[in-house]
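Colleague: Structure in structure tokens, see below.
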Amino acid sequence: MAAPAPELISLTSANEISPTEVVTPRKKRRWRGQLGTVVPVVWITLVTLGALLAPWLNKVPGIRLLKYDKIVAKKGLTPSAKHWLGTDEIGRSILSRLIWGGRVALAVGIVSVLVALIVGGFIGLIAGYYRGKIELVLMTLASTILSFPALILVLSIVAFLGNNLRNIVAAIAIVAIPAFARQAYAVTLAVSQREYVMAARSLGAKNKRIIIREVLPNVILPLSAYALVITAVAIVAEGGLAFLGASVERPTPSWGTMINDGRKLLVSDPSIWHISMIPVACMFLTVLSLNLIGDRVRGLIDGKESKL
């Protein structure tokens, strides 16, 4: 009796596989994708809650170590059960300073990006929809600001206005506005040529109504995903300013200030590496989480747009 053909064997074996075995790899990929989104969201949530609840936690009995300017133990203690992340170069709790430093990082990241999103999005929306001289003037101005090195421009603004939190937010927002304007401009150019926009024009709808009802909803979604990435950039920028001594004044903690203070001690005493590396890890995880969430949101938006 002749042996069955290899194709028949493969088809027969495939038919004998149970449905659960076929779906398992897909479920694994889906689970991994969800894990790659859930973990960053959890981390950002923890950082945000810690920053928001820091003043309240100071008043809770047993958690008074969250006073960022209070010396709680010997300097340079490594992480332990009593001091979870150890102490810094003068004996302050690193955990408390990380939490309070998160307030500065999130304030700069969220407020500056929100201002830049509103102003830059409006500029790009108007330029991309009306075109002509308005487009020329607004986009030339945006390109001119973008031609300056971002860090040098922020340093110049902060040096002129003064290094406090409000001025740092303003400086980063000014630098980020042209980036949002260019992004909104590019999206508006594409959306304004869609069939539903042209149909609204042919029906006699006014420009204001078309912008608000048809164009804006399709522009705000990509800008929201872009805002998450720029928030990560703003946090890094604030850390860079603090590293250069141009951020909030002491003793208010900042992740960049903590990194810089710990860096100075690494050469003389490498055993206290945690003073610098723990803030580095905190900033790294925050920036990475924002980028991963932004990529995920962008993927969802692109998936929806492809179905239109």
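The values are calculated or read from the model by the stated rules, or taken from the named source; none is laboratory data. None of these values were measured; they are calculated from a predicted model. Note that each Cβ is placed from the backbone with ideal geometry, even for glycine, and that neighbours are counted across all protein chains shown. Side chains are part of the model used for accessible areas, which takes the heavy atoms of the whole protein and leaves out ligands, DNA and RNA. Shrake-Rupley method; radii C 1.70, N 1.55, O 1.52, S 1.80 Å.
Colleague: Select from segment 87-96 the residues that are in a helix (DSSP H, G or I) and open to solvent by less than 10 Å² (accessible area, probe 1.4 Å) and list them in ascending order. Outline the logic, then answer.
Modeller: First pass over segment 87-96, keeping only residues in a helix (DSSP H, G or I): 94-96.
Hits for segment 87-96 are I94, S96.
Colleague: I'd like to verify a number: residues in segment 173-190 that are out of contact with any Phe, Trp or Tyr (no Cβ under 7 Å at 6 or more places or on another chain) and open to solvent by 10 Å² or more (accessible area, probe 1.4 Å), how many?
Modeller: Number of matching residues: 11.
Colleague: Mind checking which residues of segment 209-223 are open to solvent by 50 Å² or more (accessible area, probe 1.4 Å) and not β-branched (V, I, T)?
Modeller: R209, R213, E214, L216, P217, L221
Colleague: Taking only pairs six or more apart or across chains, which ones have beta-carbon atoms under 7 Å, a first residue in segment 128-140 that is open to solvent by less than 50 Å² (accessible area, probe 1.4 Å), and a second residue that is of a type in the set (S, T, N, Q)?
Modeller: These pairs meet every condition: G128/T188; G128/S192; Y129/T188; Y129/S192.
Colleague: So, one more: Could you say which residue among G109, G121 is modelled with pLDDT of 90 or more, in a helix (DSSP H, G or I), of a type outside the set (S, T, N, Q) and farther than 17 Å from T188 by Cα? Outline the logic, then answer.
Modeller: On the way: G121 fails: farther than 17 Å from T188 by Cα.
Step by step, each of G109, G121 is checked, and only G109 is modelled with pLDDT of 90 or more, in a helix (DSSP H, G or I), of a type outside the set (S, T, N, Q) and farther than 17 Å from T188 by Cα.
Colleague: For segment 286-300, enumerate the residues that are of a type outside the set (S, T, Y) and either within 16 Å of I110 (Cα to Cα) or modelled with pLDDT of 90 or more (or both). Walk me through how you get there before you give the answer.
Modeller: Within segment 286-300, the subset of a type outside the set (S, T, Y) is 287-288, 290-300.
Across segment 286-300, the qualifying residues are V287, L288, L290, N291, L292, I293, G294.
Colleague: Report, by residue number, each residue of segment 199-208 that is open to solvent by 100 Å² or more (accessible area, probe 1.4 Å) and closer than 20 Å to A127 by Cβ. Walk me through how you get there before you give the answer.
Modeller: Filtering segment 199-208 down to residues open to solvent by 100 Å² or more (accessible area, probe 1.4 Å) leaves 203, 206, 208.
Within segment 199-208, K206, K208 qualify.
Colleague: In segment 29-56, what residues are open to solvent by 100 Å² or more (accessible area, probe 1.4 Å) and either modelled with pLDDT of 55 or more or within 30 Å of V104 (Cα to Cα) (or both)? Spell out how you get there, then give the answer.
Modeller: Quick first cut of segment 29-56, residues open to solvent by 100 Å² or more (accessible area, probe 1.4 Å) only: 29-32, 46, 52, 56.
Within segment 29-56, R29, R30, R32, L46, L52, W56 qualify.
Colleague: Mind listing just one residue for me: the one in segment 262-280 that is out of contact with any helix residue (DSSP H, G or I) (no Cβ under 7 Å at 6 or more places or on another chain) and closer than 30 Å to G294 by Cβ and, of those, surrounded by the most Cβ atoms within 10 Å (Cβ to Cβ)? Explain how you work it out, then say what you get.
Modeller: Going through segment 262-280, the residues out of contact with any helix residue (DSSP H, G or I) (no Cβ under 7 Å at 6 or more places or on another chain) turn out to be 264, 267-271, 274, 277.
Then keep just the ones that are closer than 30 Å to G294 by Cβ; that gives 274, 277.
Details: H274: 19, M277: 15.
Applying the filter and picking the extreme gives H274.
Colleague: For the list (1) at positive phi; (2) under 20 Å from the mean Cα position of the chain (by Cα); (3) not acidic (D, E), I need the number of the one condition that C282 fails.
Modeller: Condition not satisfied by C282: (1).
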